[in-house]
Amino acid sequence: MLPRHHQPIVAIATAAGRGAVGIVRASGRDLQPLIAGVCGRALGPRHATYLPFLDAQGQAIDRGLAIHFPAPNSYTGEDVLELQAHGGPVVLQLLLARCLELGRDIGLRLAEPGEFTERAYLNDKLDLAQAEAVSDLIDASTEAAARSASRSLSGAFSSEVETLREQVVRLRMLVEATLDFPEEEIDFLRQADAQGQLDAINAQLASVLDHARQGALLREGIRVVLAGQPNVGKSSLLNALAGAELAIVTPIPGTTRDKVSQTIQIEGVPLHVIDTAGLRELGAAGDEVERIGIARSWDAIGQADAVLFLHDLTRVGEPAYDADDAAIAQRLSPLAPRVVHVFNKSDLRAAPEGDGDGDGVAISAQTGHGLDTLRHTLLRLAGWHAQPEGVYIARARHVDALQRTREHLAMAHAQLQLAQPALDLLAEELRLGHNALAEITGAFTPDDLLGEIFSRFCIGK
Ligand code: GDP
Ligand code: ZN
């Protein structure tokens, strides 16, 4: 049997359900038997031919367009056949079954998720960061995320990483050459300005890391939790931010009993906003359901990137209300850098004069007053400072690899600063930094990581 990566594969490439057009796609080293059987004729390369797709009796299953992309000029780098039929689930299943039947002799099987793109990667059509961008483009939840995924797919991110990698390789070669001439090694490195080269690399790395962080933010967004006592306006704020009647707003305290979450976007950055059950001390009045709701709220708060702690301006000053707010504030204090105090219902009562250090935002969820300020506060807290136009999409995996590169290069830098650098340690740090960089584009990536990355794709891509 052929190794897995050489077996011909086939899948329905379009989304499940009904559509005007549906596509069955196959990829393999030689798809001639398939083409002859389904199309009943030869196909010109990369030419759309309208014809009947034939079943075993020579009857038409459907009529549509067939396109043959001979290797290597295809998405996967192998022979690819695309059959564009009518997009009904039964038609496409019949076509798929017909392909599998015809391909039995060449070992044709169903494709696994992401397997077409995995082949594109294995055949050097895309590097790993570009392959990931394919999936990120499909999954993009905002326009900014889609545009930046498209930028990564075109290689903008990869080429920055590649430039860095080449510079590190050059420095490595220099350092490793000196290892053979221990007498003059230090002078040699000084003359070649190894220090200057490393400084330039580090400056460049800092900029790529910053871009990647912004890109990861666009892809992954941040988790925002709305917290506060019952009836302060959490659900109203979620609705105002989302611009839709999503959470249940009611004047009875304690009606938002469970988490409601909604993804909104601010300047293209996705924010996953979770509305929580009102936090309050439960006396005899509270029931079990509310207790569970409150426990879940605290769980959500613990995992949030940002917490909006809402206060009701009309109740500030009431002893019982203030005491409960103080208790919540106390419990939130370890998370202080991630907490924003939001004073709601400013339409009913003005916010007290602040002390000017800007640690609270006055809003009205009802009139929309202050919401722009709140949005910008959230973006700042998320660490967003870019214009979406310049950003390419990135993943936490990329940010992590760049950070490890930075650590190794910082160690290399520290060695070079010494009067007597240990050149073997210097060489080793550069090697490790180089490997971490290479993980991004896939030049050096463990197999299990590859499997993990591609398994998250949809089938047929
Ligand atoms: P939650 O329990 O914290 O989710 O509070 P809700 O969003 O359910 O709001 C409780 C009550 O306060 C409702 O009657 C809302 O209409 C009202 N409310 C919320 N925000 C405002 C606001 O900014 N101004 C005014 N006047 N009323 C508000
Ligand atoms: Zn609510």
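Taking the conditions (1) assigned to a loop (DSSP other than H, G, I, E, B); (2) basic (Lys, Arg); (3) in contact with a Pro (Cβ under 6 Å, 6 or more places away or on another chain) in turn, residue 41 satisfies each one other than (3).
Conditions tested, residue by residue: (1) more than 18 Å from the chain's Cα centre (by Cα); (2) in a loop (DSSP other than H, G, I, E, B); (3) at pLDDT 90 or above.
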position	(1), (2), (3)
137	no, no, yes
141	no, yes, no
160	yes, no, yes
163	yes, no, yes
171	yes, no, yes
174	yes, no, no
187	yes, no, no
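From the list 243, 221, the one residue that fits, being surrounded by fewer than 17 Cβ atoms within 10 Å (Cβ to Cβ) and either within 16 Å of ligand 1 (Cβ to nearest atom) or under 24 Å from residue 337 (Cα atoms) (or both), is 243. For beta carbons closer than 7 Å, sequence separation of 6+ or different chains, a first residue in the stretch 23-49 that is closer than 14 Å to residue 101 by Cβ and a second that is among the aromatic types (Phe, Trp, Tyr), the qualifying pairs are 38/53. Out of curiosity, is residue 394 in contact with a Phe, Trp or Tyr (Cβ under 8 Å, 6 or more places away or on another chain) and small (Gly, Ala, Ser)? When the stated conditions are applied, residue 394 passes them. Would you confirm whether any residue within the stretch 224-236 is modelled with pLDDT under 55, within 29 Å of the chain's Cα centre (by Cα) and buried (at least 19 other Cβ atoms within 10 Å of the Cβ)? No. Checking every residue in the stretch 318-330 against the condition of being crowded, with 20+ Cβ neighbours inside 10 Å, within 16 Å of ligand 1 (Cβ to nearest atom) and part of a strand (DSSP E or B) gives zero matches.
One residue stands out among those in the stretch 115-148 that are hydroxyl-bearing (Ser, Thr, Tyr) and farther than 19 Å from residue 447 by Cα: the one that is surrounded by the fewest Cβ atoms within 10 Å (Cβ to Cβ), which is 141.
Against the conditions (1) among the small types (Gly, Ala, Ser); (2) surrounded by fewer than 18 Cβ atoms within 10 Å (Cβ to Cβ); (3) at pLDDT below 80; (4) over 30 Å from residue 390 (Cα atoms), residue 302 satisfies every one except (3).
So which residues in the stretch 151-201 are within 29 Å of residue 270 (Cα to Cα) and buried (at least 17 other Cβ atoms within 10 Å of the Cβ), if there are any at all?
First, pick out the residues of the stretch 151-201 that are within 29 Å of residue 270 (Cα to Cα): 151-162.
Those that are within 29 Å of residue 270 (Cα to Cα) and buried (at least 17 other Cβ atoms within 10 Å of the Cβ): 151, 152, 153, 155, 156, 157, 158, 160, 161, 162.
Looking at this structure, is residue 188 of a type in the set (Phe, Trp, Tyr) and in contact (Cβ under 8 Å) with a residue 24 or more places away in the chain? Judged against the criteria, residue 188 is not a match. Whenever a residue of the stretch 119-134 is under 18 Å from residue 147 (Cα atoms), its partners that are in a helix (DSSP H, G or I) and aromatic (Phe, Trp, Tyr), lying with C-beta atoms within less than 7 angstrom and at least six residues away or across chains, give the pairs 129/157; 131/121.
For the stretch 147-179, the set of residues classified as acidic (Asp, Glu) and free of Cβ contacts under 8 Å to residues at least 40 places away in the same chain consists of 166 only.
The condition of being surrounded by fewer than 22 Cβ atoms within 10 Å (Cβ to Cβ), of a type outside the set (Val, Ile, Thr) and modelled with pLDDT of 95 or more holds for only one of 85, 16, 60, 20, that being 60. Within the stretch 254-278, how many residues are part of a loop (DSSP other than H, G, I, E, B), buried (at least 16 other Cβ atoms within 10 Å of the Cβ) and either within 32 Å of the chain's Cα centre (by Cα) or at pLDDT 80 or above (or both)? The qualifying residues number 7. No other residue among 214, 204 is surrounded by fewer than 18 Cβ atoms within 10 Å (Cβ to Cβ), outside any strand (DSSP E or B) and either modelled with pLDDT under 80 or in contact with a helix residue (DSSP H, G or I) (Cβ under 9 Å, 6 or more places away or on another chain) (or both) apart from 204.
Condition check ((1) over 23 Å from residue 242 (Cα atoms); (2) part of a loop (DSSP other than H, G, I, E, B); (3) more than 16 Å from ligand 1 (Cβ to nearest atom); (4) at pLDDT 95 or above) across all residues:
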residue: 333; (1), (2), (3), (4): yes, no, yes, no
residue: 343; (1), (2), (3), (4): no, no, no, yes
residue: 349; (1), (2), (3), (4): yes, yes, no, no
residue: 379; (1), (2), (3), (4): no, no, yes, no
residue: 421; (1), (2), (3), (4): yes, yes, yes, no
residue: 424; (1), (2), (3), (4): yes, no, yes, no
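Against the test of being within 25 Å of residue 115 (Cβ to Cβ) and away from ligand 2 (no atom under 16 Å from the Cβ), the options 129, 203 yield a single qualifying residue, 129. Please tell me if residue 383 is out of contact with any strand residue (DSSP E or B) (no Cβ under 7 Å at 6 or more places or on another chain), on the phi > 0 side of the Ramachandran plot and either among the β-branched types (Val, Ile, Thr) or surrounded by fewer than 18 Cβ atoms within 10 Å (Cβ to Cβ) (or both). Yes, satisfied. Which pairs have Cβ atoms under 9 Å, sit 6 or more apart or on different chains, and link a residue in the stretch 1-16 that is over 21 Å from residue 68 (Cβ atoms) to one that is of a type in the set (A, V, I, L, M, F, W, C) and assigned to a helix (DSSP H, G or I)? These pairs meet every condition: 5/122. Among the candidates 52, 8, the residue that is over 29 Å from the mean Cα position of the chain (by Cα), over 16 Å from residue 460 (Cβ atoms) and buried (at least 16 other Cβ atoms within 10 Å of the Cβ) is uniquely 52.
The values are calculated or read from the model by the stated rules, or taken from the named source; none is laboratory data. Quantities reported herein were computed from a predicted structural model and do not represent experimental measurements. Virtual Cβ from ideal backbone geometry, glycine too; neighbours counted across all protein chains shown.
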